[in-house]
Ligand SMILES: Nc1ncnc2c1ncn2[C@@H]1O[C@H](COP(=O)(O)OP(=O)(O)OP(=O)(O)O)[C@@H](O)[C@H]1O
Ligand SMILES: [Mg+2]
């Protein structure tokens, strides 16, 4: 029988680019990478801080985690460090913000973005394929509430079906050796879990960054989820500073405290102006120019030339052809 082998993440990335047969994809990515190098030098961008050692055992056992915290407290840094320190070579992200590409460009992991519908499809079937291909998969849901809303309104699923689905999904995730992380800014985003799943929700580990919660609310959540340690972790969350977190797990009787250090590649993504280019579906120089003008109609030809490194004349020519083809609206009054 022919042995099934998985290409390394580097080989996979090259494969995709070669299949497109266009070196310009590389050029676009190179523009982004050059921009990143202006923020941090290459050796620093590649640096991966460790997560606290005490977490290793818990993370190994955990199947489904919640990462909770106010805006800018360190959640995405934590999730990226989780992927990078635990040998996940594929990250599947269900998100409306696109911030994970550094794992691919700088750290050679495979990153796939999915909508709620594709995520369901992925967990129901494609996860098995990744398993036989030897991939270690981390699935990240950025906004659980919104994912549930899409399932309800766009896919017409009842809440009961969503819950059934969720529990089956967790079984599949365990069976195929993957892990799930749900990221939330606020307890409100976890409403479907609290209201409809409660203690049966199978979310075994909670990582809590700085968050404003009243003791009453903390008590009611801990009770609803049948999780004693959550009360302490949530009430303490008010006074954590950036990067600090508390972990409560079904596999440990105590609350563990920890801190993430800044991950330079993620920090650079947050600061890099060209980042969106790496996430958009850009295959050629022309796509890049049209993408910029479409997304930011107020950019002048000169701005686009400066951002991309192409000449102003070339930018003008590409945009004029795009308008003629109907790919871009014609300007109403002025030429730009
Ligand atoms: N320990 C730390 N010390 C200093 N800066 C940090 C630390 N951890 C993270 N940062 C920086 O703080 C910013 C916010 O971090 P991060 O994006 O991880 O937060 P978040 O909770 O995911 O935010 P959001 O809610 O906006 O998604 C980033 O620029 C990150 O590099
Ligand atoms: Mg984030």
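The angle between the Cα long axis of helix 215-224 and the main principal axis of the chain comes to about 80°, on a 0 to 90 degree scale.
Placing R0 at 35 angstrom, the Cβ-Cβ distance between residue 155 and residue 86 gives a FRET efficiency of 0.65 after rounding to 0.05. Quick check on the chain: helices-only [θ] at 222 nm, where DSSP H runs of length 4 and up contribute -39,500 (n - 2.57) each and the sum goes over total residues. Nearest 500, please. The helix-only estimate for the chain comes to -13000 deg cm²/dmol at 222 nm.
Based on the mean of other Cβ atoms within 10 Å per residue, sort peptides 161-172, 236-247 so the most packed one is first. Kindly include the intermediate steps, with their values, before the conclusion.
Working: 161-172: 16.0, 236-247: 18.0.
Highest-to-lowest ranking by the protection proxy: 236-247, 161-172.
Under the simplified labelling scheme, the residue 242-residue 217 pair shows an inter-label distance of 2.3 nm, with each label point 7 Å from Cα along Cα→Cβ. Using Stokes-Einstein with the Kirkwood hydrodynamic radius over Cα pairs, what translational diffusion coefficient do you get for the range 49-262 at 4 °C and a viscosity of 1.567 mPa s, in µm²/s rounded to a whole number? Rounded to a whole number, D works out at 75 µm²/s. Would you mind telling me the antiparallel percentage of the DSSP bridges in the chain, rounded to 5? Antiparallel: roughly 25 percent of the beta bridges in the chain.
Sort 134-140, 296-302 by the packing proxy (mean of other Cβ within 10 Å over each peptide's residues), most packed first.
Values: 134-140: 21.0, 296-302: 13.4.
Ranked from most to least packed, the peptides come out as 134-140, 296-302.
Short-range pairs are left out: with C-alpha atoms under 8 Å and at least six residues apart, the relative contact order of the range 49-262 is 28 percent.
None of the figures in this text is laboratory data; all of them are computed from the coordinates on show. From a predicted model like this one, the values you see are computed outputs, not experimental measurements. Counting neighbours? That spans all protein chains shown, and the Cβs are built from the backbone with ideal geometry, glycine included.
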